[in-house]
1. Set the Förster radius R0 to 25 Å, insert the Cβ-Cβ distance between Ser260 and Lys150 as r into 1/(1 + (r/R0)^6), and round the FRET efficiency to 0.05.
2. Name the residues whose placed amide hydrogens come within less than 5 Å of the amide hydrogen of Leu156, ignoring near sequence neighbours (fewer than 5 apart) on the same chain.
3. Determine the per residue accessible area of the range 44-166 with all protein chains present and a 1.4 angstrom probe, expressed in square angstrom.
4. Please compute the modelled spin-label separation between Lys44 and Asp157, points set 7 Å along Cα→Cβ, answer in nm with one decimal.
5. Name the residues whose placed amide hydrogens come within less than 5 Å of the amide hydrogen of Ile240, ignoring near sequence neighbours (fewer than 5 apart) on the same chain.
6. In whole angstrom, how far apart do the alpha carbon centroids of the range 80-147 and the range 194-256 sit?
7. Kindly rank 138-147, 188-197 from highest to lowest mean number of other beta carbons found within 10 Å of each residue.
8. Would you please give the FRET efficiency between Asn122 and Tyr243, computed as 1/(1 + (r/R0)^6) with r the Cβ-Cβ distance and R0 = 45 Å, to the nearest 0.05?
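The values are calculated or read from the model by the stated rules, or taken from the named source; none is laboratory data. All values reported here derive from a predicted model rather than from experimental measurement. All Cβ positions, even for glycine, are placed from backbone atoms using ideal geometry, and neighbour counts span all protein chains on display. Side chains are part of the model used for accessible areas, which takes the heavy atoms of the whole protein and leaves out ligands, DNA and RNA. Shrake-Rupley method; radii C 1.70, N 1.55, O 1.52, S 1.80 Å.
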Amino acid sequence: MIIGNIKNSYINNCINKQLQKVLNNNNIITNSQKSTSDELMKQKIRNMNDQLALSQNSEQQIESGMSTLKEKETGLGNIKDIGNKLKEISNLYANPDLSEDDKSKIEKQTGELLNNLESLMNQNEENNILGDKTIQLNGSEGKTSVILSKVLNITLDFGKLDETKPSNTDKTDNDKHFLSKVSVDDLLENPSIIEERILNPVQKAIEKVDAAKSILYGNFMKEYSAATSSIDGLFKIGGISAYIKDSKMLHQKSMYITISALYSQYSNK
């Protein structure tokens, strides 16, 4: 009986050891699978955070570009206002019943408007909002695009109008974008100069800025969609808390309001 008990105890011990070994191996496999799963999740969170950072960086670039275009179109709008005022007073100047004193006052007003136009356009290149503006966009998808808003040059004269470059100024001075080669009375007596050399070119420039603005807004909507999707995805997989999610979404909403305001404030002028 003793021998039998010893034998059974030995067999049971071997079986227990084998069972324990199997359990240990299963634990190792389970822990390994869990570790791999955890690492994959961490990598997924890192990738989504990287994607979110790229989208946010692109949004900031777009906001800067939209602000630049807004400043430029505001400047172009000021030029257009001056051109319209010049055209308006040139119509008054054509009145045959004007006295010499009235004509003198109109000529003085015209001179002041031309001085304002020169002051607005002939700032140094660094501060000239009407000069060449290059906006570089690095999209979150890895693509880079460049939007160039060209300088506006205006020359008032009777020369041939260059359709490819509507108004050509003195090329020896990069800061000079406005030049008048006609007298005040000649300008008032020939309002077609105002139409062809100021109003038409500035309208084309405004349309080009408006087109650039539309491109920027379209790019923003893509980045905005990608950013909000990343934020929502991070929350769903536990990459961020509800508080962080709400904070990031609030920032996105603020960006959307800002960009939409910049877009609408100077579109369709």
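1. With R0 = 25 Å, the Cβ-Cβ based efficiency is 0.45.
2. Those lying under 5 Å, H to H, from Leu156 are Leu179, Ser180, Lys181.
3. So the range 44-166 comes to 56 Å² accessible per residue, rounded to a whole number.
4. In this crude spin-label approximation the distance works out to 6.9 nm.
5. Answer set, sorted by chain and number: Phe235.
6. 30
7. Put in order of decreasing packing, that is 188-197, 138-147.
8. Here the calculated transfer efficiency is 0.25.
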